[in-house]
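J.: To start, I am sharing the structure in question, which I have written as structure tokens.
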Amino acid sequence: QGGLNNASSERRPIPNPNGKFVDSFARRQRIAQHRKSLPIASVERRLMEEVRKNDTLIIVGETGSGKTTQIPQFLFNAGFCREGKTIGVTQPRRVAAVTVAKRVAEECAVDLGQKVGYSIRFDDVTSGSTRIKYMTDGLLLREALLDPYLARYSVIIVDEAHERTVHTDVLLGLLKNVQIARSKSIGCQNTENNKPKNGMLLEKENGIQNSSFLKHDRGRMFPPLKLIIMSASLDARVFSDYFGGAKAVHVQGRQFPVDIFYTHHPEPDYLDATLITVFQIHLEEGPGDVLVFLTGQEEIESVERLIKERVQQLPENSRKLVTVPIFSSLPSEQQMRVFAPTPAGYRKVILATNIAETSVTIPGIKYVIDPGLVKARSYDPKKGLESLIIVPISKAQALQRSGRAGREGPGKCFRLYPESEFEKLEDSTKPEIKRCNLANVILQLKALGVDDIIGFDFIEKPSRSAIIKSLEQLFLLGALTDECKLSDPVGRQMSRLPLDPIYSKALILANEFKCLEEMLITVSMLSVESIFYAPRDKLDEARAAMKCFSSPEGDHLTLINVYRASNEFMEKRNLSFGKEKADKILRKWCKENFINSRSLRHARDIHSQIRRHVEQMGLHIASCGDDVLLFRRCLAASFFLNAALKQPEGTYRALASGQAVQIHPSSLLFQTKPECIIYNELVQTNHKYIRNVSRIDYLWLTELAPQFYSLQS
Ligand code: ADP
Ligand code: MG
């Protein structure tokens, strides 16, 4: 087994972010002191006793008390990694998994990927010696496909359970089953208090008694699986009830008073109001960093640009303001920048998505600006329509957000809406499973051998109509047979790809259409937000640059052109120099061409990962060359569920749902408005906008997707 205590790395100096070496002793002392000062430090022994006594334990503690970074280390020290076992910690968000793993590796004075590592989709930094593994909840679900008993784990911590993402909810159901299955394996001793009371019954209800999931290693010995559910919300009851009355413990946090300010009237433009508030704080308030909650990458990047511009207009001595963004698709080497200490005399403004609400705790925050909005998934099962919409947060979220200002001393929170609006907010957020398309998780469950989805023991049941609609969709994509079983090979192949079912199917189809090279690029580029950017003051230049890449057929081929142009550019320069220099050159090219370099680099990473997956599956990566007709037909065959027809007044009617939609102004087809199109994303603001649009021929739909369109016409 790889060294639990890597002595050589224990004593090595740790490079600081500037690449210089600092005195490891002083640094380690500072870290040790910080660890000791966390509220959770004083209850280590008691917590470990509870874990020993209970197979399932719920830990509730305020954000910032040290749950995520400390408890895995406590478990490691208490011997839960003996015999090479691993502690798995799941996070709903990629950024949290990465930044926390980096922090804990530093606290343990080990290289990331050794004793402490992380694994997220498209990025695995673990090794045989990894004992504390941070990962996304979705990733652990995928691991269960290969290792149904999750045998390598002694403890699994489901962190941020209050977020109630669809993956967390499904994972809880799965873990409950794994726990029961492991407790039944010969030689296992369950602790008394937590013996599953109605194991048999559950198993039957879940319809997994015949599945590969349980049959596998009957008779093998498994130690019981310890399960820890961690949550920042005080309401532990749902989790406790779900796990047969499991014990919940509370960890006291530390919170200073936070003054809350509201606006007098609703703000017509919350981004503008945000900007004004940032500068008001900067010019009128005492020292302390500012945390701003925005809804996504595009918003963050545009606010960042505006702040930088306006800072330049301030008098020389007021310009000491730096901005740092944090959102999930930010390249991981940039994510840690939020934790870097603010330079002396400066004020830091952190522009964050919801990620900073509870998942990551950034030191130094004294002011919070909260426009009160969040980008959320929404699903209408009747129409089979999933969209992203910006919606008001819940009261619980507003409280979490303001709490971020009072971690180290008294703080202030500026809510950019009137107090009367606060009163109207929902108490808490509806679990995602109640408002998202379930096709993805149903495919996962089917691949795990759970056939009776409606009977599955969900912590909160999704509506029957949502389940049925999603099953129908999987059937239309060819992933399920007439008997609603996973089809072979298509369904099985789809379940292996870490993508939305509709994208997985597109890759499989592209193999048949002999344009897999093009579809691989398309899927990678569609997996990131906003490839193009157009600063307000350079709109014309940006449009001209975009023209160089544009294809009259639409956005998909345009994205392919961008990708290929970046490739050609990089190939022309000799790539023998290191990654850092290559990155710099690519960034420059992006800037000249008004391409978002963060997004493009992310897409390139994703591309190489998916490429590996499809190669492993034995698919053939061929290009259709100049025959773009072939590729467009493949788009129609893949995305037929997202087809739309032009209406006399210039809007479109989505064929599957009957909804009226409009092409987003950022699309190349916004002006030309072809008769029939397919699209990949529906975003709901004041309009229902579709993005990533390509022109197709209406007749292709009946020809290539008769399973759907012959019934319709
Ligand atoms: P919880 O999970 O209870 O919300 P965490 O374990 O995430 O708390 O954080 C505990 C403390 O560690 C916080 O004070 C936070 O500021 C600090 N911390 C976490 N990550 C980092 C980091 N990368 N750099 C510096 N401090 C960090
Ligand atoms: Mg945490």
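J.: Could you list all residues from region 377-399 that are within 16 Å of ligand 1 (Cβ to nearest atom) and out of contact with any His (no Cβ under 9 Å at 6 or more places or on another chain)?
T.: The first filter runs over region 377-399 and keeps only residues within 16 Å of ligand 1 (Cβ to nearest atom), leaving 396-397, 399.
Gln397, Leu399, listed by residue number.
J.: Would you confirm whether any residue within region 332-339 is more than 16 Å from ligand 1 (Cβ to nearest atom) and touching a residue at least 24 places away in the same chain (Cβ under 8 Å)?
T.: Going through region 332-339, the residues more than 16 Å from ligand 1 (Cβ to nearest atom) turn out to be none.
There is no residue in region 332-339 that is more than 16 Å from ligand 1 (Cβ to nearest atom) and touching a residue at least 24 places away in the same chain (Cβ under 8 Å).
J.: Determine which single condition Leu416 fails, assuming it passes every other condition in (1) modelled with pLDDT under 95; (2) closer than 22 Å to Pro257 by Cα; (3) surrounded by 22 or more Cβ atoms within 10 Å (Cβ to Cβ).
T.: (1)
J.: Restricting the search to region 227-260, which residues are of a type in the set (Phe, Trp, Tyr) and away from ligand 2 (no atom under 16 Å from the Cβ)? Break it down stepwise before answering.
T.: Of all residues in region 227-260, those of a type in the set (Phe, Trp, Tyr) come to 239, 242-243, 256.
Within region 227-260, Tyr242, Phe243, Phe256 qualify.
J.: Kindly provide the set of residues from region 222-276 that are outside any loop (DSSP other than H, G, I, E, B) and free of Cβ contacts under 8 Å to residues at least 12 places away in the same chain, ordered by number. Break it down into steps so the answer makes sense when it comes.
T.: Of the residues in region 222-276, the ones outside any loop (DSSP other than H, G, I, E, B) are 226-231, 237-242, 247-251, 258-261, 270-276.
Selection gives Arg237, Asp241, Asp272, Ile276.
J.: For region 465-501, how many residues are aliphatic (A, V, I, L, M) and over 24 Å from the mean Cα position of the chain (by Cα)?
T.: Quick first cut of region 465-501, residues aliphatic (A, V, I, L, M) only: 466-468, 471, 474, 476-477, 479-480, 486, 490, 494, 497, 499.
Then keep just the ones that are over 24 Å from the mean Cα position of the chain (by Cα); that gives 468, 476-477, 479-480, 486, 490.
Adding up the residues that qualify gives 7.
J.: Hey, among the residues in region 578-612 that are among the hydrophobic types (A, V, I, L, M, F, W, C) and touching a strand residue (DSSP E or B) at 6+ places or on another chain (Cβ under 8 Å), which one's surrounded by the most Cβ atoms within 10 Å (Cβ to Cβ)? Outline the logic, then answer.
T.: Residues of region 578-612 that are among the hydrophobic types (A, V, I, L, M, F, W, C), as a first pass: 582, 585-586, 589-590, 594-595, 600, 603, 606, 610.
So of that shortlist, the ones also touching a strand residue (DSSP E or B) at 6+ places or on another chain (Cβ under 8 Å) come out as 589, 594-595.
On the way: Trp589: 17, Phe594: 21, Ile595: 25.
Looking at the filtered set, the residue picked out is Ile595.
J.: Filter region 593-626 for residues that are among the charged types (D, E, K, R) and in a loop (DSSP other than H, G, I, E, B) and give the result. So that I can check it myself, show each step before the final result.
T.: First pass over region 593-626, keeping only residues among the charged types (D, E, K, R): 598, 601, 604-605, 611-612, 615, 626.
Passing the criteria: only Asp626.
J.: Given the criteria more than 11 Å from ligand 1 (Cβ to nearest atom), surrounded by 19 or more Cβ atoms within 10 Å (Cβ to Cβ) and modelled with pLDDT of 95 or more, does Ile59 qualify?
T.: Values: more than 11 Å from ligand 1 (Cβ to nearest atom): no; surrounded by 19 or more Cβ atoms within 10 Å (Cβ to Cβ): yes; modelled with pLDDT of 95 or more: yes.
No.
J.: Please go through region 33-73 and pick out each residue that is under 25 Å from Lys102 (Cβ atoms) and in contact with a Phe, Trp or Tyr (Cβ under 7 Å, 6 or more places away or on another chain).
T.: Glu44, Leu47, Met48
J.: State which residue is farthest from the chain's Cα centre (by Cα) when the search covers only region 57-107 and only residues that are of a type in the set (Ser, Thr, Tyr) and within 17 Å of Val251 (Cβ to Cβ). Please lay out each step first, then the result.
T.: So in region 57-107, the residues of a type in the set (Ser, Thr, Tyr) come out as 63, 65, 68-69, 86, 90, 99.
If we keep only those that are within 17 Å of Val251 (Cβ to Cβ) too, we end up with 63, 65, 68-69.
On the way: Thr63: 19, Ser65: 23, Thr68: 17, Thr69: 19 Å.
Among those residues, the one meeting the criterion is Ser65.
J.: Which condition number does Leu629 fail, the rest of (1) part of a helix (DSSP H, G or I); (2) aliphatic (A, V, I, L, M); (3) under 28 Å from the mean Cα position of the chain (by Cα) being met?
T.: Failed condition: (3).
J.: Could we say that Lys581 is assigned to a helix (DSSP H, G or I), farther than 30 Å from Lys505 by Cα and either modelled with pLDDT of 90 or more or among the aromatic types (Phe, Trp, Tyr) (or both) here?
T.: Details: assigned to a helix (DSSP H, G or I): yes; farther than 30 Å from Lys505 by Cα: yes; either modelled with pLDDT of 90 or more or among the aromatic types (Phe, Trp, Tyr) (or both): no.
It is false that Lys581 is assigned to a helix (DSSP H, G or I), farther than 30 Å from Lys505 by Cα and either modelled with pLDDT of 90 or more or among the aromatic types (Phe, Trp, Tyr) (or both).
J.: Counting just the residues of region 648-689 that are in a loop (DSSP other than H, G, I, E, B) and of a type in the set (Ser, Thr, Tyr), which one comes out farthest from Leu701 (Cα to Cα)? Working first, answer last.
T.: Here is the first cut: in region 648-689, the ones in a loop (DSSP other than H, G, I, E, B) are 648-651, 655-659, 664-668, 673-675, 685-687.
In the following step, the residues that additionally are of a type in the set (Ser, Thr, Tyr) were identified as 651, 657, 666-667, 685.
On the way: Thr651: 20, Ser657: 15, Ser666: 26, Ser667: 22, Thr685: 29 Å.
Once the filter is applied, the top-ranked residue is Thr685.
Here's the yes/no breakdown for (1) out of contact with any helix residue (DSSP H, G or I) (no Cβ under 6 Å at 6 or more places or on another chain); (2) within 16 Å of ligand 1 (Cβ to nearest atom); (3) within 18 Å of Leu174 (Cα to Cα):
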{"position": "Pro224", "(1), (2), (3)": "no, no, yes"}
{"position": "Met230", "(1), (2), (3)": "no, yes, yes"}
{"position": "Arg237", "(1), (2), (3)": "yes, no, no"}
{"position": "Ser240", "(1), (2), (3)": "yes, no, yes"}
{"position": "Lys247", "(1), (2), (3)": "yes, no, no"}
{"position": "Gly253", "(1), (2), (3)": "no, yes, no"}
{"position": "Val258", "(1), (2), (3)": "no, no, no"}
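J.: Just one of (1) touching a helix residue (DSSP H, G or I) at 6+ places or on another chain (Cβ under 9 Å); (2) more than 30 Å from Ala643 (Cβ to Cβ); (3) surrounded by fewer than 23 Cβ atoms within 10 Å (Cβ to Cβ) trips up Ser359, so point out which.
T.: Single failed check for Ser359: (3).
J.: Let me ask you something else. Among the residues of region 354-382 satisfying the criterion of being in a loop (DSSP other than H, G, I, E, B) and within 16 Å of ligand 2 (Cβ to nearest atom), which is nearest to His264 (Cα to Cα)?
T.: Taking region 354-382 and keeping what is in a loop (DSSP other than H, G, I, E, B), we get 357-364, 371-372, 381-382.
Checking the rest, the ones that are also within 16 Å of ligand 2 (Cβ to nearest atom) come to 357-363.
Values: Glu357: 25, Thr358: 28, Ser359: 31, Val360: 31, Thr361: 30, Ile362: 30, Pro363: 30 Å.
Filtering first and then ranking leaves Glu357.
J.: Quick one: in region 38-49, which of the residues that are more than 11 Å from Ser65 (Cβ to Cβ) and either loosely packed, with under 15 Cβ neighbours inside 10 Å or without any contact (Cβ under 8 Å) to a residue 60 or more places away in the chain (or both) is nearest to ligand 2 (Cβ to nearest atom)?
T.: Just the residues of region 38-49 that are more than 11 Å from Ser65 (Cβ to Cβ), to begin with: 44-49.
From the residues that got through so far, the ones that are either loosely packed, with under 15 Cβ neighbours inside 10 Å or without any contact (Cβ under 8 Å) to a residue 60 or more places away in the chain (or both) too are 44-46, 48-49.
Values: Glu44: 16, Arg45: 21, Arg46: 19, Met48: 18, Glu49: 22 Å.
Checking each candidate, the answer is Glu44.
J.: When region 96-129 is examined, which residues are found to be buried (at least 24 other Cβ atoms within 10 Å of the Cβ) and either acidic (Asp, Glu) or within 27 Å of Val614 (Cβ to Cβ) (or both)?
T.: Ala97, Val98, Gly117, Tyr118
J.: Let me ask something else about it. Between residues in region 340-369 that are within 22 Å of Thr69 (Cβ to Cβ) and residues that are of a type in the set (Lys, Arg) and more than 16 Å from ligand 2 (Cβ to nearest atom), which pairs lie under 6 Å by C-beta distance while being six or more apart or on different chains?
T.: Thr342/Lys348
J.: With respect to the numbered conditions (1) over 24 Å from the mean Cα position of the chain (by Cα); (2) within 30 Å of His34 (Cα to Cα), which one is the sole condition not fulfilled by Pro315?
T.: Of everything listed in (1) over 24 Å from the mean Cα position of the chain (by Cα); (2) within 30 Å of His34 (Cα to Cα), Pro315 misses just condition (2).
J.: Let me ask another. Could you please let me know if Glu472 is acidic (Asp, Glu) and closer than 30 Å to Ala636 by Cα?
T.: yes
J.: Sticking with this structure for a sec: Can you name every one of the helices (runs of 4 or more DSSP H) wholly within region 383-484 that holds 1 or more residues which are more than 28 Å from His264 (Cβ to Cβ) and of a type in the set (Asp, Glu)? If you could, list the steps in order and put the result at the bottom.
T.: Working: elements: 395-403, 419-424, 439-447, 464-476.
Here the list reads 464-476.
J.: Mind checking whether some residue in region 167-183 is part of a loop (DSSP other than H, G, I, E, B), surrounded by fewer than 23 Cβ atoms within 10 Å (Cβ to Cβ) and at pLDDT below 95?
T.: As a first pass, look at region 167-183 and keep what is part of a loop (DSSP other than H, G, I, E, B): none.
No, region 167-183 contains no residue that is part of a loop (DSSP other than H, G, I, E, B), surrounded by fewer than 23 Cβ atoms within 10 Å (Cβ to Cβ) and at pLDDT below 95.
The values are calculated or read from the model by the stated rules, or taken from the named source; none is laboratory data. Predicted model, so just to flag it, every value in this text is computed and none were measured. Backbone-built Cβ (ideal geometry, glycine too); neighbour counts: all protein chains shown.
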